[in-house]
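Here's the structure we're looking at; comments come further down.
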Amino acid sequence: ESDIEYQVRDLLENPNPTAAIYCKTGECEIRITARARSDEDGEKMCRAYAKKFYDMLGDAVYDEDVAGLEETVVHTLQEKGLTIATAESCTGGRVAERLTALPGASQVYRGGVVSYWTQVKADVLGVSQALLEEHGAVSAETARAMAEGARRITGADIAVSVTGVAGPDPDERGVPVGIVYIGLATPDGTFCRKMDSGRRRRDRIRGLATNHAFDLIRRYLTGLPI
(Lines give C-alpha, C1' and ligand atoms only; values in the text may rest on other atoms or scores of the structure.)
Protein backbone atom coordinates (compact mmCIF):
# COMPACT_ATOMS: atom_id res chain seq x y z
CA GLU A 1 0.00 0.00 0.00
CA SER A 2 1.47 3.34 -1.07
CA ASP A 3 1.70 6.34 1.27
CA ILE A 4 -1.01 8.19 -0.67
CA GLU A 5 -3.32 5.18 -0.56
CA TYR A 6 -2.77 4.91 3.18
CA GLN A 7 -3.59 8.60 3.71
CA VAL A 8 -6.77 8.33 1.67
CA ARG A 9 -7.89 5.20 3.51
CA ASP A 10 -7.06 6.79 6.87
CA LEU A 11 -9.08 9.88 5.95
CA LEU A 12 -12.10 7.81 4.96
CA GLU A 13 -11.94 5.57 8.00
CA ASN A 14 -10.94 8.31 10.45
CA PRO A 15 -12.51 11.59 9.32
CA ASN A 16 -10.72 14.69 10.53
CA PRO A 17 -12.10 17.03 11.88
CA THR A 18 -15.10 15.36 13.50
CA ALA A 19 -18.27 16.83 15.02
CA ALA A 20 -20.24 15.46 17.97
CA ILE A 21 -23.73 16.76 18.75
CA TYR A 22 -24.90 16.94 22.37
CA CYS A 23 -28.61 17.61 22.95
CA LYS A 24 -29.64 19.71 25.95
CA THR A 25 -32.97 21.18 27.01
CA GLY A 26 -34.01 23.48 24.19
CA GLU A 27 -30.64 23.59 22.45
CA CYS A 28 -27.80 21.53 21.02
CA GLU A 29 -24.05 21.82 21.47
CA ILE A 30 -21.78 20.92 18.58
CA ARG A 31 -18.25 19.97 19.59
CA ILE A 32 -15.67 19.95 16.79
CA THR A 33 -12.39 18.10 17.25
CA ALA A 34 -9.38 17.99 14.93
CA ARG A 35 -6.14 16.02 14.87
CA ALA A 36 -3.27 18.26 13.81
CA ARG A 37 0.45 18.84 14.24
CA SER A 38 -0.06 22.08 16.18
CA ASP A 39 -2.76 23.96 18.06
CA GLU A 40 -2.81 26.59 15.32
CA ASP A 41 -3.38 24.02 12.60
CA GLY A 42 -6.11 22.36 14.67
CA GLU A 43 -7.81 25.71 15.25
CA LYS A 44 -7.82 26.47 11.51
CA MET A 45 -9.24 23.04 10.71
CA CYS A 46 -11.99 23.37 13.31
CA ARG A 47 -12.99 26.84 12.15
CA ALA A 48 -13.16 25.76 8.51
CA TYR A 49 -15.35 22.81 9.52
CA ALA A 50 -17.52 25.02 11.77
CA LYS A 51 -18.39 27.20 8.77
CA LYS A 52 -20.44 24.31 7.39
CA PHE A 53 -22.66 24.45 10.47
CA TYR A 54 -22.94 28.24 10.31
CA ASP A 55 -24.02 27.99 6.68
CA MET A 56 -26.54 25.26 7.50
CA LEU A 57 -28.00 26.61 10.76
CA GLY A 58 -27.79 30.37 10.19
CA ASP A 59 -28.71 32.57 13.15
CA ALA A 60 -29.67 29.56 15.23
CA VAL A 61 -25.95 29.43 16.08
CA TYR A 62 -25.52 31.94 18.86
CA ASP A 63 -21.92 31.69 20.07
CA GLU A 64 -18.75 29.67 20.53
CA ASP A 65 -17.04 28.38 23.68
CA VAL A 66 -19.79 29.45 26.10
CA ALA A 67 -21.74 27.46 28.68
CA GLY A 68 -25.14 28.61 27.43
CA LEU A 69 -27.29 31.42 26.07
CA GLU A 70 -27.12 33.39 29.32
CA GLU A 71 -23.35 33.78 28.96
CA THR A 72 -23.78 35.15 25.45
CA VAL A 73 -26.41 37.59 26.73
CA VAL A 74 -24.22 38.85 29.59
CA HIS A 75 -21.20 39.30 27.30
CA THR A 76 -23.28 41.18 24.73
CA LEU A 77 -24.82 43.44 27.37
CA GLN A 78 -21.33 44.20 28.69
CA GLU A 79 -20.04 45.01 25.22
CA LYS A 80 -22.94 47.37 24.57
CA GLY A 81 -22.89 48.95 28.04
CA LEU A 82 -26.53 48.01 28.71
CA THR A 83 -28.38 46.80 31.82
CA ILE A 84 -31.27 44.36 32.15
CA ALA A 85 -34.05 43.48 34.60
CA THR A 86 -36.44 40.54 34.87
CA ALA A 87 -40.10 39.94 35.74
CA GLU A 88 -40.99 36.26 36.07
CA SER A 89 -44.07 34.25 36.88
CA CYS A 90 -44.08 30.59 35.81
CA THR A 91 -40.27 30.37 35.62
CA GLY A 92 -40.02 31.34 39.28
CA GLY A 93 -36.75 33.26 38.96
CA ARG A 94 -34.88 30.89 36.64
CA VAL A 95 -33.90 33.69 34.25
CA ALA A 96 -32.50 35.74 37.12
CA GLU A 97 -30.74 32.72 38.62
CA ARG A 98 -28.95 31.84 35.39
CA LEU A 99 -27.88 35.45 34.88
CA THR A 100 -26.54 35.93 38.40
CA ALA A 101 -24.68 32.60 38.33
CA LEU A 102 -22.19 34.19 35.91
CA PRO A 103 -19.16 36.25 36.98
CA GLY A 104 -19.63 39.89 35.97
CA ALA A 105 -23.43 39.73 36.00
CA SER A 106 -23.52 42.57 38.54
CA GLN A 107 -22.33 44.91 35.80
CA VAL A 108 -25.47 44.35 33.75
CA TYR A 109 -28.24 42.91 35.95
CA ARG A 110 -30.27 45.48 37.89
CA GLY A 111 -32.73 43.14 39.61
CA GLY A 112 -36.02 41.36 39.16
CA VAL A 113 -39.46 40.47 40.47
CA VAL A 114 -40.98 36.99 40.77
CA SER A 115 -44.65 37.93 40.51
CA TYR A 116 -46.27 34.56 41.00
CA TRP A 117 -49.55 36.01 42.26
CA THR A 118 -51.61 38.13 39.91
CA GLN A 119 -51.93 40.80 42.59
CA VAL A 120 -48.14 41.16 42.73
CA LYS A 121 -48.14 41.81 39.00
CA ALA A 122 -50.49 44.72 39.70
CA ASP A 123 -49.08 46.05 42.99
CA VAL A 124 -45.35 45.73 42.28
CA LEU A 125 -44.97 45.76 38.50
CA GLY A 126 -47.83 48.17 37.89
CA VAL A 127 -49.80 45.98 35.50
CA SER A 128 -53.24 47.58 35.41
CA GLN A 129 -56.11 45.74 37.04
CA ALA A 130 -58.27 46.43 34.00
CA LEU A 131 -55.72 44.77 31.71
CA LEU A 132 -55.47 41.73 33.99
CA GLU A 133 -59.25 41.36 34.17
CA GLU A 134 -59.67 41.68 30.41
CA HIS A 135 -56.76 39.56 29.18
CA GLY A 136 -55.73 37.45 32.17
CA ALA A 137 -52.35 36.87 33.80
CA VAL A 138 -51.20 34.61 30.94
CA SER A 139 -51.43 36.80 27.85
CA ALA A 140 -49.29 38.83 25.49
CA GLU A 141 -50.69 42.04 26.97
CA THR A 142 -49.67 41.08 30.49
CA ALA A 143 -46.23 39.92 29.39
CA ARG A 144 -45.60 43.29 27.74
CA ALA A 145 -46.86 45.19 30.79
CA MET A 146 -44.71 43.08 33.14
CA ALA A 147 -41.57 43.80 31.12
CA GLU A 148 -42.36 47.51 30.97
CA GLY A 149 -42.99 47.55 34.72
CA ALA A 150 -39.68 45.82 35.49
CA ARG A 151 -37.83 48.25 33.25
CA ARG A 152 -39.52 51.21 34.91
CA ILE A 153 -38.99 50.26 38.56
CA THR A 154 -35.36 49.14 38.14
CA GLY A 155 -34.20 51.77 35.65
CA ALA A 156 -32.71 49.08 33.42
CA ASP A 157 -32.15 49.66 29.71
CA ILE A 158 -34.14 46.54 28.82
CA ALA A 159 -36.32 44.09 30.74
CA VAL A 160 -37.61 40.61 29.99
CA SER A 161 -40.76 39.00 31.38
CA VAL A 162 -42.19 35.48 31.44
CA THR A 163 -45.77 34.47 32.18
CA GLY A 164 -47.37 31.14 31.35
CA VAL A 165 -48.88 27.84 32.41
CA ALA A 166 -46.36 25.20 33.45
CA GLY A 167 -48.98 22.75 34.66
CA PRO A 168 -50.07 20.28 35.65
CA ASP A 169 -53.48 21.94 35.01
CA PRO A 170 -54.71 24.81 32.81
CA ASP A 171 -55.09 28.18 34.51
CA GLU A 172 -58.39 29.58 35.78
CA ARG A 173 -59.22 30.99 32.34
CA GLY A 174 -58.60 27.68 30.60
CA VAL A 175 -55.24 28.60 29.07
CA PRO A 176 -53.69 25.19 28.34
CA VAL A 177 -50.49 23.82 29.81
CA GLY A 178 -47.42 24.79 27.79
CA ILE A 179 -48.56 28.27 26.72
CA VAL A 180 -46.01 30.90 27.72
CA TYR A 181 -45.62 34.56 26.76
CA ILE A 182 -42.23 36.27 26.89
CA GLY A 183 -42.10 40.05 26.83
CA LEU A 184 -39.14 42.33 26.15
CA ALA A 185 -39.27 46.05 26.94
CA THR A 186 -36.60 48.13 25.19
CA PRO A 187 -35.93 51.75 24.18
CA ASP A 188 -37.17 50.71 20.71
CA GLY A 189 -40.53 49.42 21.93
CA THR A 190 -41.93 46.34 23.62
CA PHE A 191 -41.94 42.94 21.94
CA CYS A 192 -43.62 39.64 22.78
CA ARG A 193 -43.13 36.02 21.77
CA LYS A 194 -45.67 33.25 22.32
CA MET A 195 -44.36 29.78 23.10
CA ASP A 196 -46.44 26.63 22.90
CA SER A 197 -44.50 23.62 24.15
CA GLY A 198 -47.54 21.35 24.55
CA ARG A 199 -48.20 19.16 27.56
CA ARG A 200 -44.63 18.50 28.62
CA ARG A 201 -43.28 18.02 32.11
CA ARG A 202 -43.47 21.09 34.33
CA ASP A 203 -39.70 21.42 34.65
CA ARG A 204 -39.25 21.05 30.89
CA ILE A 205 -41.73 23.85 30.16
CA ARG A 206 -39.97 26.14 32.65
CA GLY A 207 -36.58 25.30 31.14
CA LEU A 208 -37.76 25.93 27.58
CA ALA A 209 -39.40 29.21 28.59
CA THR A 210 -36.16 30.37 30.19
CA ASN A 211 -34.21 29.55 27.03
CA HIS A 212 -36.75 31.38 24.90
CA ALA A 213 -36.35 34.44 27.12
CA PHE A 214 -32.59 34.46 26.60
CA ASP A 215 -33.01 33.92 22.87
CA LEU A 216 -35.38 36.88 22.65
CA ILE A 217 -32.83 39.07 24.43
CA ARG A 218 -30.01 37.75 22.24
CA ARG A 219 -31.90 38.48 19.05
CA TYR A 220 -32.76 42.02 20.07
CA LEU A 221 -29.19 42.83 21.11
CA THR A 222 -27.71 41.51 17.86
CA GLY A 223 -30.31 42.98 15.52
CA LEU A 224 -31.85 39.66 14.49
CA PRO A 225 -35.59 39.24 13.75
CA ILE A 226 -37.52 38.64 16.96
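For Cys192, Cys23, Cys90, what's the largest-to-smallest order of accessible area, 1.4 Å probe?
Working: Cys192 40, Cys23 110, Cys90 5 Å².
From most exposed to least exposed: Cys23, Cys192, Cys90.
Modelling each spin label as a point 7 Å along the Cα-to-Cβ direction, I'd like the Ala20/Asp196 distance in nm, to one decimal.
3.8 nm
Just grab the label-to-label distance for Lys44 and Ala67, each label 7 Å out from Cα along the Cβ direction, in nm (one decimal).
3.4 nm
With all distinct Cα pairs included, what does the Kirkwood hydrodynamic radius of the chain come out to in Å, to one decimal, could you say? Please list the in-between numbers first.
Working: mean 1/r = 0.0516 Å⁻¹.
The answer is 19.4 Å.
Leaving out ligands, DNA and RNA but keeping every protein chain, what accessible area does Met56 have, in Å² rounded to the nearest 10, with a 1.4 Å probe?
Surface open to solvent at Met56 totals about 130 Å².
Nothing charged except the Cβ atoms of Lys and Arg (+1) and of Asp and Glu (-1): what's the magnitude of the dipole of region 147-206 about its Cα centre? Round to the nearest 20 debye.
Dipole about the Cα centre, nearest 20: 280 debye.
Sort Ile217, Ile226 from largest to smallest accessible area, using a 1.4 Å probe on the heavy atoms of the protein chains.
Accessible-area ranking of Ile217, Ile226, largest first: Ile226, Ile217.
Place a +1 charge on the Cβ of each Lys and Arg in the chain and a -1 charge on the Cβ of each Asp and Glu, then give the dipole magnitude about the Cα centre in debye, rounded to the nearest 20.
Taking the Cα centre of the chain as origin, the dipole is about 680 debye.
Under a Cβ-Cβ cut-off of 15 Å, what is the net charge of the residues other than Ile226 that fall near it, where Lys and Arg count +1 and Asp and Glu count -1?
+2
I'd like to know which of Val61, Ala87, Ala48 lies farthest towards the positive end of the charge dipole of region 43-97, counting +1 on Cβ of Lys and Arg and -1 on Cβ of Asp and Glu.
So the residue furthest toward the plus end is Ala48.
How large a share of the accessible area of the chain, in percent, is made up of carbon and sulfur atoms when the probe is 1.4 Å and the other protein chains stay in place?
50 percent
Just to be sure I understand the model, the point goes 7 Å from the Cα along the line to the Cβ. What's the resulting Ser128 to Tyr116 distance in nm?
Placing both labels 7 Å beyond Cα along the Cβ direction yields 2.9 nm.
Going by alpha carbons, how many degrees (0 to 90, nearest 10) lie between the helix axis of 69-80 and the longest principal axis of the chain?
80 degrees
If you line up the long axis of helix 39-57 against the longest principal axis of the chain, both from Cα atoms, how many degrees apart are they, to the nearest 10?
Between the helix axis and the principal axis of the chain, the angle is about 50 degrees.
May I ask you to derive the relative contact order of the chain, considering only C-alpha pairs under 8 Å and at least 6 residues apart, and to give it as an integer percent?
In percent, rounded to a whole number, it is 16.
Where both residues lie in the chain, what percent of DSSP beta bridges are antiparallel, nearest 5?
70 percent
The values are calculated or read from the model by the stated rules, or taken from the named source; none is laboratory data. Note that this is a predicted model, so its numbers are computed, not measured. Note: ideal-geometry Cβ built from the backbone for every residue, glycine included; neighbour counts use all protein chains shown. Just the protein is used for accessible areas: all its heavy atoms, side chains included, with ligands, DNA and RNA removed. Shrake-Rupley method; radii C 1.70, N 1.55, O 1.52, S 1.80 Å.
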